[in-house]
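Undergrad: Dropping the structure in here first, questions after.
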Amino acid sequence: MIYTDTRDSSVKVDFRTAVMGGMNQATGGLYIPVEFPKLDKSLLTKDPAPSFRDIAFNMAKPYVEGEIPDEDLAAIIQDAYPFSPKVAPLDSISYVLELFHGPTCAFKDFGARFMARTMSYFNRNEATPLHILVATSGDTGSAVGSAFHNVPGLDVTILYPEGKVSQLQEKQLSTFTGNVRALKVKGTFDDCQKLVKTAFTDTELRSKLRLSSANSINIARLLPQSFYYMYSSLLVRNRSAMDNKIQDPAIIMIVPSGNFGNLTSGLIAKEMGAPIEGFVAATNSNRTIPDWIATGDYNARPSVETYANAMDVGAPSNYERIKAMYSLEEVRTSFASYWLDNKGIMDAIQACNGKTGYIIDPHGAIGWKAWEDIKTGAMENLINGIKNDYDKPGLTPNLPNWANKVTDKKAVGVILETASPAKFGSTVTEAIGKEPPIPARLEEVLRLPDRAIPMENDYNLFKEWLLNNL
Ligand SMILES: *Cc1c(COP(=O)(O)O)cnc(C)c1O
């Protein structure tokens with residue numbers, strides 16, 4: 001596969017260059033495949049639907065063709081995914097796609113584990129390890145640390161702001177042994193990022209250590225997230241006739257979004273033939289993308305803190321990929337968009353539990369409420385010209401081309417649940433008055449000894465530590 005870049009379509013690189021480089025330093029653009037090959041028809045029509053790993057292998061294959069042979073790719077998939085996504089029905093036309101069954105209980109495991117194993121593969125003939133530096137404000141760091149843990153040839157140093165992550169997050173970051181370690185920095189997340197960025201531009205340091213990043217913009221994190229869209233849409237299409245007597249339903253994917261990597265992966269799955277009719281871009285008060293869809297003006301802005309804090313992004317980096325793939329008009333016909341403020345998030349967690357018994361996390365709750373509103377009148381209002389003000393929480397005023405499928409009762413919704421509610425236990429407990437059950441693997445991590453290494457917010461001390469310890 002050839003990869004080009006969102007800022008210069010004359011750029012042509014292979015998968016290895018795109019993965020190991022992360023982004024194109026020369027243009028500042030993001031890598032994107034030049035085409036999205038359709039998945040084989042025999043797999044698309046199979047009933048029962050193929051297994052998650054079968055889908056993963058066959059979807060990944062064209063993107064690594066000529067660079068990773070089939071048997072090595074199969075081994076990468078096998079090792080990356082000892083767990084699967086799960087589809088849980090909420091009512092006859094609503095499903096939750098649970099993406100939290102991986103080791104860190106959030107959907108980032110899907111992307112990070114594939115990326116770690118492809119990087120390790122490409123590093124396999126090198127004499128020295130590749131050192132990954134990551135700054136994190138919480139969730140990304142634990143997914144990356146866990147994904148790279150014990151992966152050959154790779155070594156990870158995570159920087160996080162001391163005292164500024166939750167207790168569970170801190171445990172998830174600081175209890176690794178072996179090739180993964182965490183530095184707790186006396187500073188903010190921005191300070192951590194600055195230390196990492198300075199290291200990447202330090203030619204003396206780079207002459208001694210091979211450094212790389214594990215950013216969410218890496219194409220090797222984006223591609224594997226398309227696997228679960230394909231898997232779940234085939235599964236839902238096949239069971240729909242039984243659940244709700246709708247043959248070939250219009251499947252709407254509702255995606256809680258921050259940086260919009262997850263949603264971009266959904267677009268890739270649709271391009272590859274997944275039976276997906278449309279998307280709902282669901283955000284918290286960081287509503288840069290809903291505002292863009294509503295007004296046509298894209299205004300990146302500083303992020304604000306919300307209960308759905310893994311989506312506190314004011315300048316979503318994958319906007320650039322979405323723009324490279326589609327025009328604004330195409331986005332407006334394929335997407336509905338929806339946003340909720342903090343009060344709306346709390347009410348949604350409570351309402352979801354009250355109506356369905358399901359305990360949903362603050363991110364998924366926005367998606368649940370979006371679909372709930374859409375199917376109980378908000379879309380009908382939109383068709384009748386009754387629009388919600390875009391600067392009020394709710395549905396933005398663009399009319400997607402699948403609106404009539406909802407009112408004609410031909411549509412089903414799949415809500416992506418991006419994290420286990422236990423990861424946001426205090427918010428969920430406040431909303432529903434009881435604690436969400438804690439998965440055993442999270443409970444275990446709480447019992448492990450804390451191994452974080454204290455670090456001053458000082459580049460020279462950081463550099464000295466890297467040179468002495470890596
Ligand atoms: C990262 C994250 C998101 C946002 O995903 P994007 O790809 O950045 O849009 C949503 N929910 C949770 C729990 C996350 O960790």
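The values are calculated or read from the model by the stated rules, or taken from the named source; none is laboratory data. What you see is a predicted model, and the numbers here were worked out from it, not measured in a lab. Virtual Cβ from ideal backbone geometry, glycine too; neighbours counted across all protein chains shown. Ligands, DNA and RNA are stripped out before the accessible areas are found, and what is left, the full protein with its side chains, is counted by its heavy atoms. Shrake-Rupley method; radii C 1.70, N 1.55, O 1.52, S 1.80 Å.
Undergrad: Go through region 197-214 and give me each residue that's open to solvent by 10 Å² or more (accessible area, probe 1.4 Å) and among the aliphatic types (A, V, I, L, M).
TA: Correct list: 209, 211.
Undergrad: Still on this model: Could you tell me which numbered condition residue 285 fails, if it satisfies all but one of (1) without any contact (Cβ under 8 Å) to a residue 40 or more places away in the chain; (2) open to solvent by 30 Å² or more (accessible area, probe 1.4 Å); (3) within 16 Å of the ligand (Cβ to nearest atom)?
TA: (1)
Undergrad: Which is within 16 Å of the ligand (Cβ to nearest atom) and surrounded by fewer than 23 Cβ atoms within 10 Å (Cβ to Cβ), of 268, 254, 217, 246?
TA: Values: 268 fails: surrounded by fewer than 23 Cβ atoms within 10 Å (Cβ to Cβ); 254 fails: surrounded by fewer than 23 Cβ atoms within 10 Å (Cβ to Cβ); 246 fails: within 16 Å of the ligand (Cβ to nearest atom).
One residue alone meets the criteria, 217.
Undergrad: Of all residues being part of a helix (DSSP H, G or I) and open to solvent by less than 50 Å² (accessible area, probe 1.4 Å) in region 455-470, which is nearest to residue 195 (Cα to Cα)? Just the residue, please.
TA: Keep residues of region 455-470 that are part of a helix (DSSP H, G or I), which gives 459-469.
This time we only want the ones that are open to solvent by less than 50 Å² (accessible area, probe 1.4 Å), so: 459, 462-463, 465-466.
Details: 459: 6, 462: 8, 463: 9, 465: 12, 466: 11 Å.
Step by step, filter region 455-470, then rank; the result is 459.
Undergrad: I've got another one for you. Of all residues in region 413-454, which are touching a strand residue (DSSP E or B) at 6+ places or on another chain (Cβ under 6 Å) and surrounded by 15 or more Cβ atoms within 10 Å (Cβ to Cβ)?
TA: 413, 414, 415, 416, 417, 418, 419, 452 - these are the residues of region 413-454 that are touching a strand residue (DSSP E or B) at 6+ places or on another chain (Cβ under 6 Å) and surrounded by 15 or more Cβ atoms within 10 Å (Cβ to Cβ).
Undergrad: Where in region 59-171 are the strands (runs of 3 or more DSSP E), entirely inside, with at least 2 residues that are within 16 Å of the ligand (Cβ to nearest atom)?
TA: Details: elements: 86-91, 94-98, 130-135, 154-161.
Output list reads 94-98, 130-135, 154-161.
Undergrad: Looking only at region 220-243, which residues are within 14 Å of the ligand (Cβ to nearest atom) and not hydrophobic (A, V, I, L, M, F, W, C)?
TA: Passing the criteria: 221, 224, 225, 226, 228, 229.
Undergrad: Considering only residues of region 324-346 that are of a type in the set (D, E, K, R) and touching a residue at least 12 places away in the same chain (Cβ under 8 Å), which is nearest to residue 91 (Cα to Cα)?
TA: To start, the set of residues in region 324-346 that are of a type in the set (D, E, K, R) comprises 329-330, 332, 341, 343.
Filter once more, so that each one left must be touching a residue at least 12 places away in the same chain (Cβ under 8 Å): 332, 341.
Values: 332: 28, 341: 25 Å.
Here the residue is 341.
Undergrad: Continuing with the same structure: Scan region 359-389 for residues that are within 16 Å of the ligand (Cβ to nearest atom) and either among the aliphatic types (A, V, I, L, M) or outside any helix (DSSP H, G or I) (or both) and jot them down.
TA: 359, 360, 361, 365, 366, 370, listed by residue number.
Undergrad: Let me ask another. What are the pairs with Cβ atoms under 9 angstrom where one residue, in region 47-62, is among the β-branched types (Val, Ile, Thr) and the other, located anywhere, is in a helix (DSSP H, G or I) and open to solvent by less than 60 Å² (accessible area, probe 1.4 Å)? Sequence gap at least six, or different chains.
TA: 55/43; 55/227; 55/228; 55/230; 55/231; 55/234
Undergrad: Here's a follow-up. Open to solvent by 20 Å² or more (accessible area, probe 1.4 Å), under 25 Å from the mean Cα position of the chain (by Cα) and at pLDDT below 95: does that describe residue 184? Steps first, answer last, please.
TA: Details: open to solvent by 20 Å² or more (accessible area, probe 1.4 Å): yes; under 25 Å from the mean Cα position of the chain (by Cα): yes; at pLDDT below 95: no.
Here the answer is no, as residue 184 does not meet what is asked.
Undergrad: Further question on the same structure: Just checking, which of 405, 392 is away from the ligand (no atom under 16 Å from the Cβ), exposed (fewer than 15 other Cβ atoms within 10 Å of the Cβ), modelled with pLDDT of 95 or more and farther than 30 Å from residue 170 by Cβ?
TA: 392
Undergrad: So for region 314-321 (the condition being at pLDDT below 95, of a type in the set (A, V, I, L, M, F, W, C) and surrounded by fewer than 21 Cβ atoms within 10 Å (Cβ to Cβ)), does at least one residue qualify?
TA: Within region 314-321, one or more residues are at pLDDT below 95, of a type in the set (A, V, I, L, M, F, W, C) and surrounded by fewer than 21 Cβ atoms within 10 Å (Cβ to Cβ).
Undergrad: Pick from region 324-352 the residues that are among the polar types (S, T, N, Q) and under 20 Å from residue 394 (Cα atoms): which of them is most open to solvent (accessible area, probe 1.4 Å)?
TA: Taking region 324-352 as the starting set, the residues that turn out to be among the polar types (S, T, N, Q) are 327, 333-334, 337, 342, 350.
Filter once more, keeping what is under 20 Å from residue 394 (Cα atoms): 333-334, 337, 342, 350.
Details: 333: 55, 334: 24, 337: 0, 342: 47, 350: 103 Å².
Filtering region 324-352 for residues that are among the polar types (S, T, N, Q) and under 20 Å from residue 394 (Cα atoms), the one most open to solvent (accessible area, probe 1.4 Å) comes out as 350.
Undergrad: Determine whether residue 78 is open to solvent by 60 Å² or more (accessible area, probe 1.4 Å), without any contact (Cβ under 8 Å) to a residue 60 or more places away in the chain and touching a helix residue (DSSP H, G or I) at 6+ places or on another chain (Cβ under 9 Å). Outline the logic, then answer.
TA: Values: open to solvent by 60 Å² or more (accessible area, probe 1.4 Å): yes; without any contact (Cβ under 8 Å) to a residue 60 or more places away in the chain: yes; touching a helix residue (DSSP H, G or I) at 6+ places or on another chain (Cβ under 9 Å): yes.
It is true that residue 78 is open to solvent by 60 Å² or more (accessible area, probe 1.4 Å), without any contact (Cβ under 8 Å) to a residue 60 or more places away in the chain and touching a helix residue (DSSP H, G or I) at 6+ places or on another chain (Cβ under 9 Å).
Undergrad: Among (1) farther than 19 Å from residue 400 by Cα; (2) part of a helix (DSSP H, G or I); (3) within 16 Å of the ligand (Cβ to nearest atom); (4) touching a helix residue (DSSP H, G or I) at 6+ places or on another chain (Cβ under 9 Å), there is one condition residue 323 misses while meeting the rest; what is its number?
TA: (1) is the only condition that residue 323 fails.
Undergrad: The conditions are (1) touching a residue at least 40 places away in the same chain (Cβ under 8 Å); (2) touching a helix residue (DSSP H, G or I) at 6+ places or on another chain (Cβ under 7 Å); (3) aliphatic (A, V, I, L, M), and residue 23 fails exactly one of them. Which is it?
TA: With respect to (1) touching a residue at least 40 places away in the same chain (Cβ under 8 Å); (2) touching a helix residue (DSSP H, G or I) at 6+ places or on another chain (Cβ under 7 Å); (3) aliphatic (A, V, I, L, M), residue 23 is out only on (2).
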